[in-house]
1. Based only on the alpha carbon positions, what is the Kirkwood hydrodynamic radius of the chain, in angstrom?
2. Among the aspartates and glutamates, which have Cα under 20 Å from the Cα of Lys31 when same-chain residues fewer than 8 positions away are ignored?
3. Assuming R0 = 22 Å, what is the FRET efficiency of Asn228 and Arg208, from their Cβ-Cβ distance, to the nearest 0.05?
4. Considering only C-alpha atoms, what is the centroid distance from the stretch 16-74 to the stretch 266-292, in Å?
5. Using only alpha carbon pairs under 8 Å that are at least six residues apart, calculate the relative contact order of the stretch 164-306 and give it in whole percent.
6. Using a Gaussian network for the chain with springs between C-alpha atoms less than 10 Å apart, which of these wobbles most: Ile295, Ile229, Ile113?
7. Taking N as the number of residues in the stretch 160-218, what value does Rg over Cα atoms divided by 2.2 N^0.38 Å take?
8. Only Cα pairs within less than 10 Å get springs; with that Gaussian network setup on the chain, which residue of Pro201, Pro122, Pro137 has the largest fluctuation?
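Each reported figure results from applying straightforward, stated rules to the coordinates on display, with no laboratory input. Nothing here was measured: the structure is a model prediction, and the numbers come from that model. A quick note on method: Cβ atoms are made from the backbone with ideal geometry, for glycine too, and the neighbour counts reach across all protein chains shown.
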Amino acid sequence: MQRPNIIFIVADDLGFADLGCYGGRDAKFGKVSPVIDALAANGLRFSDGYSNSPVCSPTRFGLMTARYQYRLRGAAEEPINSKAKTSTTLGLPTSHPTLPSLLKAQGYRTALIGKWHLGYPPAFGPLRSGYDEFFGPMAGGVDYFTHCASTGDHDLWVGEETQPHEGYLTDLISRKSVDFVKRMTATPEQPFFLSMHYTAPHWPWETRDDHAVADRIKDNIFHLQGGNIHTYHRMIHHMDEGIGWVVDALKAAGQLDNTLIVFTSDNGGERFSDNWPLVGGKMDLTEGGIRVPWIAHWPQGIGTGA
């Protein structure tokens, strides 16, 4: 059997019931996640899936290493922020095996497109932990249009250099992922592993049409005074559309059946998310903080409606 391609998609602060396939508020707000819902309907939808932590960086340590995250010093820090830029301890040690490094050793081509949040170069970084390519933010939260972190620093990287790009960050992540898939499927005899780590629907609360909001909140991207449920659902929908672009690229290359697509969230949702019927949310060690969507789609290996 041909080795499958693997696409591992992580949403940021997505609540347990924010998706239609988990009982979300589609009837009232319209279809929020038709592409992800279809992946669930034609694959495996876990009703009792959990993240490793109710906050960002520790979960990502767990996802990268498949170990309890607190075995590593950096995972005891949340969030890993600007003070980590010169640290040699606040990050994922480059000597530690990771999912991408192990797959790379087995001949997979690897890329992280999206959020890292596991330490800064030169001590740490995606290219030092098994990824061949990296595009995205190193920090935990960045503006969707200016791509600046809460410190005001530009935080969109290509490899180990910051590079300016114009556009809505969710769409940039999606389109860069489509480009990677097209390049990799041009030589399908070698499988690939793609991490798509969205910042959506993490604050600031900005849809594709909210460039003016970015100008207003440039000094405080936490956006504590803004947002609403409708904006939040549009942010999820933009992510869902981008995942659809990737699925379409796989279909066009004849590689959808041979690709394992995994979708989850780094922790429970906050503010505008729907965690019902769970109690709590992000930052809480309650069900709402750690019970998250988990979906696996792989036509060659997982039956429909499994």
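1. The Cα-based Kirkwood calculation yields 19.2 Å.
2. Asp12, Asp13, Asp18, Asp171, Glu206, Asp209, Asp240, Glu241, Asp248, Asp274
3. 0.90
4. The stretch 16-74 and the stretch 266-292 have Cα centres spaced 11 Å from each other.
5. 22
6. So, out of Ile295, Ile229, Ile113, the one fluctuating most is Ile229.
7. Against the compact-globule rule of thumb, the ratio is 1.44.
8. It is Pro122.
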